[in-house]
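Notes for the one structure printed next.
The values are calculated or read from the model by the stated rules, or taken from the named source; none is laboratory data. Everything numeric in this text was worked out from a predicted model, so none of it was measured. Neighbour counts are summed over all protein chains in view; Cβ atoms, including those assigned to glycine, are modelled from backbone coordinates with ideal geometry. The area values use the complete protein model at the heavy-atom level, side chains included, leaving out ligands, DNA and RNA. Shrake-Rupley method; radii C 1.70, N 1.55, O 1.52, S 1.80 Å.
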Amino acid sequence: QVQLVESGGGLVQPGGSLTLSCTASRTFSSILAMGWYRQAPGNERRLVALITEGGGTNYLETVKGRFTISGDTSKASHYLQMSSLKPEDTAVYFCYAMGRLDRGDILKQYWGQGTQVTVSS
């Protein structure tokens with residue numbers, strides 16, 4: 001098995017910045033995609049940013065131009081740089097990866113436990 005561990009969450013004022021990090025407890029044989037989701041109270045979990053094995057990225061419309069995802073799919077480590085944060089960005093942010101732990105495994109999705117990001121003055 002593997003654990004994805006997030007770090008970097010916290011309390012920040014509107015307009016501020018935070019960088020979230022996600023690290024895996026072991027290597028993957030292959031990773032198709034990795035990224036970040038978020039979930040605010042009473043809302044569904046939503047994709048915030050995704051980076052694929054080929055380097056392509058996809059962002060939630062409301063974070064485009066403010067958030068940047070980066071990472072190394074060979075290591076399952078990835079980061080989310082967040083700037084110009086708004087109160088509506090407040091949520092629990094979850095690290096995500098889709099891949100195969102070992103050669104021949106089926107493709108699976110893996111999640112971190114989540115890290116709280118609160119944007120408030």
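How long are the semi-axes of the equivalent ellipsoid of the chain, defined as square roots of 5 times the Cα gyration tensor eigenvalues? Whole Å, largest first.
On the way: eigenvalues 131, 37, 29 Å².
Equivalent ellipsoid semi-axes, largest first: 26, 14, 12 Å.
Tally up the carbon and sulfur contribution to the accessible surface of the chain as a whole percent, 1.4 Å probe, everything protein left in place. Carbon with sulfur: 46 percent of the solvent-accessible area. Loop-resident GluC sites (Glu not before Pro) (DSSP state other than H, G, I, E or B) in the range 23-86 with no more than 16 further Cβ atoms inside 10 Å of their Cβ: Glu44, Glu53. Using a cut-off of 23 Å between alpha-carbon atoms, which lysines can reach Lys64, once sequence neighbours fewer than 8 places away in the same chain are excluded? Once the sequence-local lysines are set aside, what remains near Lys64 is Lys86.
Using Cα pairs closer than 8 Å and at least 6 residues apart in sequence, work out the relative contact order for the chain, in percent.
37 percent.
Across the range 1-48, the fraction of Cα-Cα pairs farther apart than 12 Å, rounded to a whole number, is 75%.
In a DSSP loop and with at most 12 other Cβ atoms within 10 Å, the trypsin sites (Lys or Arg not before Pro) in the range 2-78 are Arg26, Lys64. Counting only DSSP beta bridges with both residues in the range 1-113, the antiparallel share comes to about 95 percent. Straight Cα distances below 23 angstrom link Lys75 to the lysines Lys108, with same-chain residues fewer than 8 positions distant left out.
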